[in-house]
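What follows draws every value from the coordinates through simple rules; no lab data is involved. Model, not experiment: these values are computed from the prediction. Note that we place each Cβ from the backbone using ideal geometry, even for glycine, and neighbour counts take in every protein chain shown.
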Amino acid sequence: MKRSLSIVLCIMLSLVLILAACGKNNESKPASGSSASDSQEKSKEIKPIVVGVSNGYIGNGWRTQMTEAIETLAEEYKQKGWIEKITIQHAGVDVNNQIAQIRNMINAKVDLLLIDANSETALNPVIEEAVKKGITVITFDQPVTTKKSLNVVIDQQQFGRNLAEWFVNELGGKGDIVIVSGLPGHPANVNRLIGMKEVLAKHPDIKVLTEVNGNWDEANAQQVTSNLIASYPKIDGVLTQDGMALGVVNAFQAANKKLPVITGENNVAFLKKWKELKDSEGFNTYGLNNPPGIGATALGIGVRMLQGKENKLPMTDNTYIYPIGTHIKNDNLEAELGKVSDKPDTYTLDEKLSEEQLNSFFE
């Protein structure tokens with residue numbers, strides 16, 4: 001009898017110990033559905049990063065607006081604890097200066113390097129050097145050919161094609177024209193000219209009298225256009241790009257010449273001139289957005305990449321092509337101008353990926 005009682009007591013004691021152990025295990029493990037606490041833990045793990053920005057050319061309002069947009073977003077990210085420090089430097093148009101600038105940023109051990117490149121190919125070795133040292137590199141506005149960086153750009157060749165297609169249609173497919181292009185050798189300018197010339201090649205009755213460099217600068221464009229007017233008595237059209245259209249218009253007006261067909265742009269000063277000429281003499285042109293916000297878009301992408309979030313951007317190889325949203329013609333000119341009535345003349349209509357859009361691409 002005593003033996004049976006001992007056995008029963010042993011069994012009961014074992015059950016008590018097993019249940020106690022189970023209770024401890026349950027207390028030590030959070031429920032599998034506790035996503036809020038998981039999210040808090042991940043937030044705590046985000047380490048603020050050091051960002052370097054290497055910009056080449058800085059000679060116009062577009063570049064100034066671009067760098068200001070990066071600075072503004074960087075300040076927001078500092079407040080969130082995502083960025084510790086950001087350094088923005090300008091190399092000018094000299095490729096070797098930009099290479100040295102980038103190498104200095106590598107030596108300073110930045111985590112993220114954003115580059116608006118002076119060349120499609122010359123920066124490749126120093127970009128690859130940065131990547132080997134664990135730095136995330138994003139080239140924006142103008143693409144480079146190395147696959148080691150992420151390009152965040154608009155489609156510059158399509159930009160050129162869009163301008164040229166409007167231009168040849170306005171000319172009726174024939175006429176004597178001049179091309180006032182941007183900075184020679186710069187990736188955006190090179191690719192825009194490729195797109196433009198693809199379109200012009202389909203129209204043999206359009207004769208290109210000459211091509212000159214306006215360097216994406218209003219005053220420079222006005223000067224070279226004045227020289228063209230003096231050299232060519234008959235100019236039916238001027239195929240140009242952003243930063244230069246107002247200079248082209250001013251050159252013809254200063255020479256008391258009738259305005260030919262001219263491709264436009266989307267900065268406030270030109271939009272005001274466009275409206276004035278439209279109202280007074282029926283002037284017609286076409287403005288296509290090249291958003292300065294592309295730099296801020298690149299920063300938003302880079303910061304999220306360094307947080308270890310999965311990149312779900314629609315990519316072609318190593319390139320994300322930002323889809324341009326703003327095209328201006330006579331029928332929407334006043335509406336678009338009204339959106340920037342409080343902006344200075346140097347301001348370019350802008351757009352970028354919003355924080356909500358960025359978050360949807362990096363979950």
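Compute the semi-axes of the equivalent ellipsoid of the stretch 156-288, taking the square root of 5 times each eigenvalue of the Cα gyration tensor, and list them largest first in whole Å. Show your work: numbers first, answer last.
Working: eigenvalues 77, 54, 47 Å².
Ellipsoid half-lengths, sorted descending, are 20, 16, 15 Å.
Calculate one ³J(HN,Hα) per residue across the stretch 318-335 by plugging θ = phi - 60° into the Karplus curve 6.51 cos²θ - 1.76 cosθ + 1.60, and present them in order as whole Hz with x for glycine and proline.
For the stretch 318-335, the Karplus-derived couplings read 9, 10, 9, 9, 6, x, 5, x, 10, 10, 10, 10, 4, 6, 10, 4, 5, 5 Hz, x marking Gly and Pro.
Considering Cα pairs under 8 angstrom that are at least six residues apart, work out the relative contact order of the chain and quote it in whole percent.
Numbers: 635 pairs, mean separation 57.7, N = 363.
For the chain, the relative contact order is 16 percent.
Over all directions, what mean area does the Cα convex hull of the chain project, stated in square nanometres?
Working: hull surface 104.3 nm².
That works out to 26.1 nm², a quarter of the Cα hull's surface.
Provide the descending list of Cα extents for the stretch 195-241 along its principal axes, expressed in whole angstroms.
That works out to 32, 24, 12 Å along the principal axes.
Residues in the stretch 100-115 near a label at Lys85, defined as backbone nitrogen under 15 Å from the 7 Å Cα→Cβ point?
Only 104-113 fall inside the zone, counting backbone N under 15 Å.
When the dipole is taken about the Cα centre of the chain, and only Lys, Arg (+1) and Asp, Glu (-1) are charged at their Cβ, what size is it in debye, to the nearest 20?
Details: 37 positive and 43 negative charges, 304 e Å.
In debye, rounded to 20, the chain gives about 1460.
Taking amide H positions as placed in the peptide plane 1.01 Å from N, state which residues far from Ile206 in sequence (5 or more) or on other chains have amide H under 5 Å from it.
Gly175
Lys/Arg Cβ at +1, Asp/Glu Cβ at -1, dipole of the stretch 138-250 taken about the Cα centre: which of His203, Val248, Asn227 is farthest positive-ward?
Projecting each Cα onto the dipole axis, the largest value belongs to His203.
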